Amino acid sequence: QKPLLEDAGIPKLGQHIKYDMNVLSLYGIEVKGVAFDTMLESYVFNSTGSRHDMDSLALKYLGRQTTKYQDIAGKGAKQILFSQVHIEEASHYAAEDADITLQLHQHLWPRLLEEKSLAAVLQEIEMPLVPVLARMEQRGVLIDGSLLGTQSQELAKQILKLEKAAHGSAEQPFNLGSPKQLQQILFEKLGLPVIRKTPKGQASTAEDVLQELAADYELPGLILEYRSLSKLKSTYTDKLPEQINPTTGRVHTSYHQAVAATGRLSSSDPNLQNIPIRTPLGRRIREAFIAPDGFQVMACDYSQIELRIMAHLSGDEGLLKAFHDNIDVHRATAGEVFSVPYEEVDNDHRRAAKAINFGLMYGMSAFGLSRQLNIGRVEAQAYMDTYFMRYPGVAEFMDKTREQARERGYVETLFGRRLYLPDINASNMQRRQGAERAAINAPMQGTAADIIKRAMIDVDAWLQHEEPAAHLVMQVHDELVFEVREDQIDHVRGKVVDLMAGAAELDVPLVVDTGHGPDWDTAH
């Protein structure tokens, strides 16, 4: 149990100390026998059916109320260490955990075996990934805390300027972080149109509402920029230095396998998946992720992997040809949608085509596309109609996927991972449409997640066998990040690209973009 291990001085480096006993050997603890990870069995069996902690699973599948840690150790400021718990209580608690874990395995494993694809996802993807993630968590990533401190000071100055500008636009001081005061300023004093109301009937100040208002009014734009910079400061430039481990000098994130319904990894303390990359200020945060002396940061990123998966799953001839010819697929789509030669596609055309390509994969409606491109709904619908006319295989795939989802109640990735959609036949239109959007997106996003997990397993196996001067230190969506000794960059890059490109066999090539430099931002 994690509390006992922490008492013994073993550092908390993530979820795997608690759930994956075979990984304890990484910390110098020998554990005999094999422990099936019931958390992952539950997650693979039905990622959306419940939470996947032991207590929740015991109640769901066994009808058992288990002893909670706080039941024996207390909670809050009065919580005691596990080593201070009376031996009889501690023994019962530990024995119950072992008993419940075995019972859950005996319940879940036979059900997984009934669906061979699900058993394969567990045995070939999720379980082999456990030690890979543990090694990444243990290694951590080097952070330049002083650089982040400088950036934090710069952000503070810009935030103060935005605050003054917002006060000037409102012609009075107010708390920019207060939704109530913002409602009063925007909708009562300034009389801006109410786009949407909250469940309590108040005018919404949500981000998408402010984005729509910002097209015509100054203050909503200032509020959005203020929120963005404040989040950068509080979440990253202020907090990351506090998360540096004093012993290792590194930040050790916790990766979570059993959270995202589609199979994607998530992370916390810090959340590496949400580090912004679309703004210069956001990208600057990646400058603080650095390599140690004599090493470089190497980033390896799948290029347009979800679009490639769409081409493979839909079998659309136009998309397949674009990827096989190695041309810019967004430019190719723009040429088709706007009926202009490939060479004459301008940046505006390409930007619109990119929004269509990615928007359709996420089930975007004509209304959503019109808002994103700032065009009329009729014009957006015309773009979508033309797209589906030019790429009929995509339209057929989407229709077939929705139909199968309604019939079976779930959709699958290329490797057999399932996402159940309990609302796919709901009478409530909004819930049903949300499930339909998930039905379209999940096969792409889930297959991409499976592919990069398979790549991580293969890359880690090579690193462990050949032992080059290289370490896998981060995974962020479709990207793997390494620390590589400078004299081995070319060798490691060539092998990693081959392994990533070979992680799946699709009807289009998997392309991996790479870069390297002294920090993560330069590596891009």
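The values are calculated or read from the model by the stated rules, or taken from the named source; none is laboratory data. Computed from a predicted model, the values in this text were never measured in an experiment. So basically every Cβ, Gly included, is an ideal-geometry build from the backbone, and we count neighbours across all protein chains shown. Accessible surface areas use protein heavy atoms only, side chains included; no ligands, DNA or RNA. Shrake-Rupley method; radii C 1.70, N 1.55, O 1.52, S 1.80 Å.
Some notes on this structure:
- The local environment of T522, defined by Cβ-Cβ distances under 11 Å, has a net charge of -1 under the rule Lys, Arg +1 and Asp, Glu -1.
- Using the Cβ-Cβ distance between Q202 and Q464 with R0 set to 56 Å, the FRET efficiency from 1/(1 + (r/R0)^6) comes to roughly 0.50.
- Summing charges over neighbours of L272, with a neighbour being any other residue whose Cβ is under 12 Å away from its Cβ, gives -2 when K and R count +1 and D and E count -1.
- Entry comment: accessible area of the chain is 48 Å² per residue, from protein heavy atoms only and a probe of 1.4 Å.
- Sulfur and carbon atoms: percent of accessible area, the chain [1.4 Å]: 49 percent
- Highest to lowest packing among 218-224, 448-454, 93-99, scored as the average C-beta count within 10 Å: 448-454, 218-224, 93-99
- Residues E188 and V259, FRET efficiency given R0 of 41 Å [Cβ-Cβ distance, rounded to 0.05]: 0.50
- Taking the three principal axes of the alpha carbon atoms in segment 260-335, the coordinate ranges are 47, 31, 26 Å, sorted in descending order.
- 23 Å tail of the calculated P(r), segment 210-327, as % of Cα pairs: 56 percent
- Magnitude of the charge dipole for segment 311-452, about its Cα centre and with charges confined to Cβ atoms of Lys, Arg (+1) and Asp, Glu (-1), is about 640 debye.
- Model label zone, I195; criterion: amide N under 15 Å from point 7 Å along Cα-to-beta-carbon; scope segment 210-252: 210-228
- Here r is the Cβ-Cβ distance between R278 and E88 and R0 is 51 Å; the resulting FRET efficiency, rounded to 0.05, is 0.35.
- Full extension of the chain between M389 and F358 gives 9.5 nm of extra length, using 0.36 nm per residue less the Cα-Cα distance.
- Partners of K164 within straight-line reach, counting aspartates and glutamates whose Cα lies under 15 Å from its Cα and excluding those fewer than 8 residues away in the same chain: E218, E225.
- Calculated on C-alpha atoms, the gyration radius of segment 453-524 divided by its Kirkwood radius gives an Rg/Rh of 0.94.
- Zone residues, segment 186-203, relative to Y217, backbone N less than 16 Å from point 7 Å out along Cα-to-Cβ: 186-198, 202-203
- For the peptides 400-411, 77-88, 269-280, the ranking by mean Cβ contacts within 10 Å, running from highest to lowest, is 400-411, 269-280, 77-88.
- Listed peptides 339-347, 208-216, 281-289, 53-61 appear in the order 281-289, 53-61, 208-216, 339-347 once ranked by packing, highest mean of other Cβ atoms within 10 Å at the front.
- Each label point was placed 7 Å from the Cα along the Cα-to-Cβ direction; for Q158 and N175 their separation is 2.6 nm.
- With DNA, RNA and ligands ignored, accessible area of W109 (1.4 Å probe; Å², nearest 10): 40 Å²
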